[in-house]
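The values are calculated or read from the model by the stated rules, or taken from the named source; none is laboratory data. Since the model is a prediction, treat every value here as computed from it, not as a measurement. We place every Cβ from the backbone using ideal geometry, glycine too, and count neighbours over all the protein chains shown. Protein only, heavy atoms only, side chains kept; ligands, DNA and RNA dropped before computing areas. Shrake-Rupley method; radii C 1.70, N 1.55, O 1.52, S 1.80 Å.
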Amino acid sequence: MDGLIFTADERIEAMMLVRRLRSEVGGLLGDKDYSNVFKLLKAALKADGVKRDVFGLNPVVTSLQTAVIGVEEIGLKRDGVLAILLYSLTADSDVVDRMFGGSVARIIHGLGKIQELYKKNPVIESENFRNLLLSFAEDMRVILVMIADRVNLMRQIRDTDNVEAKTEVSQEASYLYAPLAHKLGLYKLKSELEDLSLKYLEHDAYYMIKDKLNATKKSRDAYIERFIEPIDKKLTDAGFKFHMKGRTKSIHSIWQKMKKQQCGFEGVYDLFAIRIILDSPQELEKVQCWQVFAIITDMYQPNPKRMRDWLSVPKSNGYESLHITVLGPEGKWVEVQIRTERMDEIAERGLAAHWRYKGVKGESGVDDWLNSIRTALENKDDMQVIDQFKMDLYEDEVFVFTPKGDLVKFPKGATVLDFAYRIHTNIGNHCVGAKIGGKAVTFRYVMKNGDQIDVLTSAAQRPKQEWLNIVKTSRAKSKIRMALKDQMIKDGAYAKEMFERRLKNRKIELEESTVSHLIKKLGFKEANDFYRHMADGSLDVNQVIDKYQELLRYDNNAGTQQASRSAEGFSYDNPNEELARSSDDVLVIDRNLKGVEYSLAKCCNPIYGDDVFGFVTVNGGIKIHRNDCPNAPELRKRFGYRIVKAKWSGKGSSQYSITLKVIGNDDIGIVNNITSIIAKEEKIMMRNINIDSHDGLFSGNLTVNVDDTSRLEQLIKKIRNVKGVKQVIRI
């Protein structure tokens with residue numbers, strides 16, 4: 001081996017680890033396996049492909065250390081061990097497949113995929129990331145290798161100077177690897193990961209608790225014995241079959257309790273914990289648990305606030321047990337858990353593992369799958385049995401990233417539109433597509449595991465009926481239905497207002513009973529449907545009004561039959577009737593206008609006297625625009641059905657804000673001359689002035705309040721007459 005890579009100590013340690021590994025795995029690794037690994041190692045060293053990590057650790061030595069942990073503490077066999085040894089040497093799965101087999105190559109491929117996943121900088125604290133990790137791993141041994149690697153890394157970085165990397169590694173160990181180790185039944189490794197994380201992240205807290213535990217170990221063990229002894233006698237005398245476990249909480253658990261309860265070490269109630277496990281027939285389980293509970297609480301004073309009854313009503317995840325904290329000898333609090341062998345089996349097999357039942361939600365499918373793996377480990381079966389556990393568990397789910405790295409879970413087949421509605425209803429309503437890896441996609445794009453979705457929106461976008469066929473999630477469907485319903489209500493309200501306004505303009509009396517008659521006559525059961533069809537153009541408003549007049553005459557007994565008359569008896573009295581009809585539907589803008597919500601558009605700032613039109617917005621209100629508004633052509637072209645004729649009523653009685661752009665020579669005093677003109681004008685107030693000069697010219701925006709267009713035109717004419725002013729434009 002190259003001396004530039006290995007120090008003398010590392011050489012010695014590597015040789016010792018190889019011998020230890022050979023001893024542990026026995027004949028599972030053949031001579032050919034060892035020679036092939038050595039061959040790849042020599043090639044990697046020669047190509048300078050083996051580098052120390054951020055902590056300065058030799059990857060070959062750490063791989064051997066990890067392999068020993070994998071064999072001794074997890075139960076990995078040939079393929080898992082080879083994957084650990086080879087991962088730092090080669091990423092060529094074809095070479096690995098040819099030399100060691102497809103199973104080893106698959107594990108290495110899974111490790112590579114997870115490294116790619118990490119590059120997306122996900123939020124590792126989320127449970128969704130744990131699930132995505134599992135779905136990416138494909139082969140469960142990938143997760144086992146990662147746990148072994150993280151345990152080894154946490155052991156090796158105690159004295160490192162790279163504090164930043166040490167902190168990141170420790171946080172991941174706490175949030176990600178410890179929960180996974182617990183789910184797999186690797187309790188010893190789980191506790192070690194948690195305790196080492198605490199040691200590196202909160203050094204003072206760790207050593208404070210450790211010192212206190214060391215100082216009290218003998219007395220604590222003796223105390224547990226004294227506590228258990230009378231209970232043992234009482235339960236035996238009562239004829240129960242049982243066994244008891246006594247334990248002290250881990251340093252990490254004690255610290256979490258101290259923080260949660262905001263107390264010192266001495267204030268942790270359940271520093272001691274006793275578990276009483278009854279061998280009971282299922283039909284007597286509850287009775288016997290409560291009998292034991294009665295015996296314990298007769299012997300020791302219980303704390304009613306610390307009593308937890310998951311026997312009468314089990315947790316939603318199936319967890320059953322009685323928990324009580326009692327005051328033992330010397331005034332010390334001890335938690336006692338009472339359960340049966342069956343209940344203990346359910347709890348221990350992961351259905352109610354700590355990282356689920358302490359507030360972190362879990363997936364039942366994940367539990368079943370991981371527990372199957374754990375059973376294989378406990379039985380020390382050949383690890384090949386794990387090959388059958390493919391991630392069919394996640395064949396119905398995909399996990400995708402937000403731009404910030406948060407993970408969100410969706411059913412398989414979900415689209416970008418589903419994602420948009422998950423983020424926010426307004427984002428969904430205006431979604432036009434997304435960017436994924438810098439590439440634009442439509443909102444119909446079906447998301448894939450690991451996609452990072454950046455939603456694109458447009459203010460002009462509106463939900464449509466066909467969107468219901470694009471989305472998969474019930475959340476998105478309900479949001480779309482709600483938006484469509486709101487739009488229907490707004491369209492219906494606008495149509496109703498338009499119908500009533502046209503009747504008023506044509507001086508036709510509005511009778512609610514006749515409107516109801518009309519709605520039924522036209523075949524509608526609901527008034528909303530009637531107005532909605534009028535809004536979308538399915539019903540012609542003029543024809544509806546003619547029908548309404550006919551019914552109104554009938555309802556008022558005006559529909560009596562008259563003698564027929566010849567056409568010669570008629571003359572066309574009003575040649576301008578068609579023109580009058582075309583101008584019937586005019587919105588008269590008056591400060592006293594009721595029943596219609598309107599506002600002046602900011603894009604063109606209309607004022608009294610301007611030729612204007614109304615535009616019905618998506619919110620149901622009406623925006624008043626000037627006829628020469630820069631947006632008018634597009635509005636008329638795309639949304640002609642939402643244009644309403646409008647005119648001003650009476651005299652201007654309000655002050656309107658308008659902006660004038662003035663361009664002229666940058667002469668001394670020209671700005672003063674302009675502002676003095678405005679100051680002298682009655683009922684005109686200057687609100688703002690912004691002047692910029694360049695190359696002998698000045699350009700400025702003047703914002704003033706005026707009553708109407710006639711005053712504005714007078715003001716513009718006066719400013720144009722100022723010497724040096726070249727142009728005055730209303731904007």
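Laid out as a table, the results:
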| item | result |
| --- | --- |
| Residues of region 520-552 classified as under 17 Å from Arg502 (Cα atoms) and not acidic (Asp, Glu), total | 18 |
| Inter-residue pairs, beta-carbon under 6 Å, first surrounded by 20 or more Cβ atoms within 10 Å (Cβ to Cβ) and in region 157-178, second charged (D, E, K, R), 6+ apart | Ile157/Lys166; Ala173/Arg150; Tyr177/Arg150; Ala178/Lys190; Ala178/Glu194 |
| Count of residues meeting criterion [surrounded by 15 or more Cβ atoms within 10 Å (Cβ to Cβ) and closer than 21 Å to Thr402 by Cα] in region 455-474 | 7 |
| Unmet requirement for Gly537, which otherwise passes all of (1) crowded, with 18+ Cβ neighbours inside 10 Å; (2) of a type in the set (Gly, Ala, Ser); (3) under 24 Å from Lys623 (Cα atoms) | (1) |
| Output for region 286-308, where each listed residue is open to solvent by less than 60 Å² (accessible area, probe 1.4 Å) and either aliphatic (A, V, I, L, M) or out of contact with any helix residue (DSSP H, G or I) (no Cβ under 9 Å at 6 or more places or on another chain) (or both) | Gln288, Val292, Phe293, Ala294, Ile295, Ile296, Thr297, Met299, Asn303, Arg306, Met307 |
| Any helices (runs of 4 or more DSSP H) falling wholly within region 1-117 and containing at least 2 residues that are open to solvent by 60 Å² or more (accessible area, probe 1.4 Å) and closer than 19 Å to Val142 by Cβ | 93-100 |
| Filter pass, Ile251 being closer than 26 Å to Ala205 by Cβ, surrounded by 14 or more Cβ atoms within 10 Å (Cβ to Cβ), in contact with a Phe, Trp or Tyr (Cβ under 9 Å, 6 or more places away or on another chain) and modelled with pLDDT of 85 or more | yes |
| Residue in region 490-511 that is open to solvent by less than 30 Å² (accessible area, probe 1.4 Å), under 24 Å from Val588 (Cα atoms), charged (D, E, K, R) and in contact (Cβ under 8 Å) with a residue 12 or more places away in the chain present | yes |
| Leu377 being modelled with pLDDT under 80, closer than 26 Å to Ala178 by Cα, among the hydrophobic types (A, V, I, L, M, F, W, C) and within 30 Å of the chain's Cα centre (by Cα) | no |
| Qualifying positions in region 186-217 - modelled with pLDDT under 90 and surrounded by 20 or more Cβ atoms within 10 Å (Cβ to Cβ) | Leu186, Leu189, Lys190 |
